[in-house]
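Presented below is the structure to which this report refers.
The values are calculated or read from the model by the stated rules, or taken from the named source; none is laboratory data. Values in this document were obtained by computation on a predicted structure and should not be read as measured data. We place every Cβ from the backbone using ideal geometry, glycine too, and count neighbours over all the protein chains shown.
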Amino acid sequence: MSITGVTNTVDTTGSSSTTGSTTTAQFLDTDAFMNMLVTQLKYQDPLDPMETNEFMSQLAQLTQVERLQNIYDSMANLETTVETGNLLDMIGKKISVDGNTLSEGDEFTVTPSADYDKVIFSIKNLKDESVQEVTRNKGESLTYTNEGTDNVQVTAQAYLSGAAVDSTVAAYRIVKGVKSTDSSVVLVAGNGDEYTASSVTVIKN
């Protein structure tokens, strides 16, 4: 009984090609390969059964597929380990993130685009919903640091003689931990918010 051989190649992205004649498919794992082999045996011509050397060749290819899968799994695990190790160095540092939620120790910085005489920070406590205002006059620090234990949301507005002045703002959050997910490794803030490494543009000690 003639059976077309199957070979597999694996790259670091997890994709593969299965070639018989010119057929291309997704990676053929061990279970799928075994099912295919059992199906071949089940439906072979009883008058022209598979020869022993053909059967052994199929088993050898099954072993090859399993080894390739193990290699790919090992490479994926190694990549996650390396990425996690690199990000562990960021624990305790402040990273620039989108949003205006601050945990304890996080910062919110305002940069007026023109002359100003004061900046008013509005701080909303996310636990009790209370709101307070903090005024910083020109020459004083325009960075608000959340020194409380409750999470807060911060907004700010710059003024010149009572008129609003356009400003840019930036939130800096302390990295409290590193977490490995199914698809990537993320940085974790004090309240549990997660940020991918690719989303970090600025790092402060």
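Brief remarks on what is shown
- Some residue of the range 90-102 being within 18 Å of Tyr172 (Cα to Cα) and either modelled with pLDDT under 75 or in contact with a Cys (Cβ under 7 Å, 6 or more places away or on another chain) (or both): no
- Test: residue in the range 143-165 that is of a type in the set (Asp, Glu) and more than 33 Å from the chain's Cα centre (by Cα): no
- Taking the criterion of being in a strand (DSSP E or B) and over 30 Å from Gly92 (Cβ atoms), the residues of the range 155-175 that qualify are Gln157, Ala158, Tyr159, Leu160, Ala163, Ala164, Val165.
- Being surrounded by 12 or more Cβ atoms within 10 Å (Cβ to Cβ) and modelled with pLDDT of 95 or more holds for only one residue in Gln132, Gln157, and it is Gln157.
- All positions within the range 176-193 that are in a strand (DSSP E or B) and either among the basic types (Lys, Arg) or loosely packed, with under 14 Cβ neighbours inside 10 Å (or both): Lys179, Ser180
- Residues within the range 111-154 that are among the small types (Gly, Ala, Ser), assigned to a loop (DSSP other than H, G, I, E, B) and touching an Asp or Glu at 6+ places or on another chain (Cβ under 6 Å), tallied: 1
- Flag if Ser167 is surrounded by fewer than 15 Cβ atoms within 10 Å (Cβ to Cβ) and assigned by TED's automatic domain parsing to the domain that holds Glu104: no
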